[in-house]
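The values are calculated or read from the model by the stated rules, or taken from the named source; none is laboratory data. Being a predicted model, the structure only gives us computed values, none of them experimental. Note that we place each Cβ from the backbone using ideal geometry, even for glycine, and neighbour counts take in every protein chain shown. Please note that ligands, DNA and RNA were not included when accessible areas were found on the heavy atoms of the full protein model with its side chains. Shrake-Rupley method; radii C 1.70, N 1.55, O 1.52, S 1.80 Å.
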Amino acid sequence: MAGTIELEILTAREVALRAEVQDLYIPAFLGEAGVLSRHLPYLTLLKGGEASFLDAAGARHYLYCGPGFLEVRDDRIAMIVDDLVRGEDLREEELASRLRAAEERIRSSFQGAIGPDELQAELARQRQLQDQLAICRKMKGR
């Protein structure tokens, strides 16, 4: 069996997750990165996106994490993120509806209905919703 490494994910509100994991894949600032047990010390910024880990029993878990940072040291991973949503808490129908609304607001920018700052926020929301929908579909095996 592969070795495990302790994972702790913190948000501003809580310790969101604490588990022994076999691996962790994260949306690092410069691209996806993976962490295994006995990993060398590592520090990176995280961008919002999909993260996943294989628990000690061999089950894959998916998460949506907001921006933050990650530190690996002494077979321990500390992840501090703005937000964290477990894949099983995502609802595909609700996300699809929110994505349609965001895309409608983006289209309305062509008629001047929203300004550049609002457009930028809607584009970021669109990316987040697309990432979360991708997690839902991945969990369903699509």
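Given the structure, is A51 open to solvent by less than 90 Å² (accessible area, probe 1.4 Å) and at pLDDT 95 or above? Yes: the conditions hold for A51.
No other residue among L36, L84, L46, L63 is open to solvent by 90 Å² or more (accessible area, probe 1.4 Å) and of a type outside the set (D, E, K, R) apart from L36. Of the residues that make up the range 115-126, is at least one farther than 21 Å from A12 by Cβ, of a type in the set (S, T, N, Q) and under 13 Å from the mean Cα position of the chain (by Cα)? No, the range 115-126 has no match at all. Is it fair to say D89 is of a type in the set (D, E) and either open to solvent by less than 40 Å² (accessible area, probe 1.4 Å) or within 24 Å of Q22 (Cβ to Cβ) (or both)? Taking the combined requirement at face value, the residue satisfies it. Number of residues in the range 1-15 that are in a strand (DSSP E or B), open to solvent by 20 Å² or more (accessible area, probe 1.4 Å) and within 22 Å of L129 (Cα to Cα) equals 1. Being modelled with pLDDT of 95 or more, buried (at least 17 other Cβ atoms within 10 Å of the Cβ) and part of a helix (DSSP H, G or I) is a property that does not hold for L70.
Only one entry of R105, R100, R142 meets the criterion of being modelled with pLDDT of 95 or more and open to solvent by 90 Å² or more (accessible area, probe 1.4 Å), and that entry is R100. State yes or no: is S97 in contact with a Phe, Trp or Tyr (Cβ under 8 Å, 6 or more places away or on another chain), within 20 Å of K140 (Cα to Cα) and of a type in the set (S, T, N, Q)? Here the answer is no, as S97 does not meet what is asked. Being touching a residue at least 12 places away in the same chain (Cβ under 8 Å), in contact with a Gly (Cβ under 9 Å, 6 or more places away or on another chain) and either outside any loop (DSSP other than H, G, I, E, B) or at negative phi (or both), is that true of even one residue in the range 110-121? No - not one qualifying residue is present in the range 110-121.
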